[in-house]
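Structure first, commentary second.
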Amino acid sequence: MLKLIGTLINSILPIFILIFIGWGAVKYKLVGVEAKDVCSNLVAYFVFPALLFMETAKAKPEQIIYPKWMLAFFLAISIIWLLSVLFNRYVFKLPNKENVVSSFISTFPNEGGMGIPFLTHLIGLTAVVSVARANFIIALTLIPLTIFLMEINKNQNNEMNKLHLFIKALLKSIKKPMVLAVILGVIFSFMHITQLLPTVFTDSIELISKSCIFISLFAVGVNLYGIRFKISKFLFFNLSLKSLISALVGFSLVYLFNISGNDAKEFVLLLAMPTATISTIMALQWNTIENEATSLYLTSTILSLLSLPLIVYIFQ
């Protein structure tokens, strides 16, 4: 167990070091607070789309496709997302835009930044396949849905009927780099043509995608400067949803779908991962609940030092 906690700390420490670099850059006036806008735009329009394209295009369908696991994971994130939407609307009375972003943040787990190092140490390299599955499902569902709902919200004051509004929002969301990257990546993957791409092209995309973690965490650090943390019902609910309720949903679904062994362990642990860096960046990019998103990102990451080893202990 101590070795497991050590692995977690080794996964988390680099995250906080990079965040501290961003915070220090503002503190010592190396950059201004407006740097967060530049960084978040870089991630939203270039870096994260490049990462999404490479992850989906390189994925081998025959390795990823596990219908029972994938259906269960889709249901899990749907339940978590719906719980967040309902609480945000009826308990916290959030406007639509804030509700959409908050639900995105609460549902999106950090399967890449923490999931890969943690699960490969715990289970082995085979766990990467489950991470790829989870990423595949989120890229095809949660990300496009969030972008689509944000487009709906942006255009809801326009004088047009609901069908035209729906079509306009759908077309705009499809044109967004993040959604377009996933669509192209899936086509390339299922048609097995990724290996036919010129090396110059794939190497360029790979180089861009590798900067995702640093730029994202730097932007989080920049946004952190000047924030005063305060414990609120909203933060407490989202922490509970991310670290406790997500795990309970995971345990329930692996039982219902009769998923066992390492597949079950990976399933629950991926759902219980702290909130993803990129979801926090999207809050900054959309200028919506920025402080709350940063606070949840940091606190859920720290809390995972307790929650993830506890889940492993339950499986044993």
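The values are calculated or read from the model by the stated rules, or taken from the named source; none is laboratory data. Predicted model, so just to flag it, every value in this text is computed and none were measured. No Cβ is skipped: glycine too gets one built from the backbone with ideal geometry, and neighbour counts run over all protein chains shown.
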- Looking for whichever is assigned to a helix (DSSP H, G or I) and either in contact with a Gly (Cβ under 9 Å, 6 or more places away or on another chain) or more than 20 Å from A139 (Cα to Cα) (or both) here; the options are V186, V200. Which one fits? V200
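Here's the yes/no breakdown for (1) within 28 Å of L145 (Cβ to Cβ); (2) out of contact with any Cys (no Cβ under 7 Å at 6 or more places or on another chain):
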position	(1), (2)
I183	yes, yes
S189	yes, yes
S204	no, yes
I213	yes, yes
F218	yes, no
- Task: Confirm whether L165 is modelled with pLDDT under 75 and surrounded by fewer than 18 Cβ atoms within 10 Å (Cβ to Cβ).
- Result: yes
- Residue hits (region 191-205; surrounded by 15 or more Cβ atoms within 10 Å (Cβ to Cβ) and modelled with pLDDT of 85 or more) are T202, I205
- Query: Restricting attention to region 67-114, and to residues there that are among the basic types (K, R) and under 30 Å from M54 (Cα atoms), which single residue is modelled with the lowest pLDDT?
  - Reply: K97
- Message: Take the conditions more than 15 Å from the chain's Cα centre (by Cα) and either free of Cβ contacts under 8 Å to residues at least 12 places away in the same chain or surrounded by fewer than 18 Cβ atoms within 10 Å (Cβ to Cβ) (or both) and apply them to K230. Does it pass?
- Response: yes
- Item | Filter result for the condition that a residue is farther than 30 Å from G24 by Cβ, of a type in the set (A, V, I, L, M, F, W, C) and either surrounded by fewer than 22 Cβ atoms within 10 Å (Cβ to Cβ) or out of contact with any Asp or Glu (no Cβ under 8 Å at 6 or more places or on another chain) (or both), over A247, A293 | A247
- Hey, any hits in region 299-316 for a residue that's touching a strand residue (DSSP E or B) at 6+ places or on another chain (Cβ under 7 Å) and within 15 Å of S84 (Cβ to Cβ)? yes
- Task: Kindly establish whether E111 is in contact with a helix residue (DSSP H, G or I) (Cβ under 9 Å, 6 or more places away or on another chain), acidic (D, E) and farther than 15 Å from V268 by Cα.
- Result: no
- Message: Going by what's in this entry, would S246 be described as touching a Leu at 6+ places or on another chain (Cβ under 6 Å), part of a helix (DSSP H, G or I) and within 19 Å of F315 (Cβ to Cβ)?
- Response: yes
- Query: Considering region 133-162 alone, what residues qualify as being polar (S, T, N, Q), assigned to a helix (DSSP H, G or I) and modelled with pLDDT under 80?
  - Reply: N155
- Message: Please go through (1) closer than 21 Å to E290 by Cα; (2) in a helix (DSSP H, G or I); (3) more than 17 Å from the chain's Cα centre (by Cα) for G6 and return the number of the only condition it doesn't satisfy.
- Response: (1)
- Kindly check whether there is at least one residue in region 259-271 that is part of a loop (DSSP other than H, G, I, E, B) and surrounded by fewer than 23 Cβ atoms within 10 Å (Cβ to Cβ). yes
- Item | Count - residues of region 203-243 that are over 19 Å from P177 (Cβ atoms) and not aromatic (F, W, Y) | 21
- Query: Of all residues in region 25-40, which are surrounded by 14 or more Cβ atoms within 10 Å (Cβ to Cβ) and either at pLDDT below 85 or small (G, A, S) (or both)?
  - Reply: A25, A35, K36, D37, S40
- Query: If you go through region 42-64 one residue at a time, do you hit one that is crowded, with 22+ Cβ neighbours inside 10 Å and modelled with pLDDT of 95 or more?
  - Reply: no
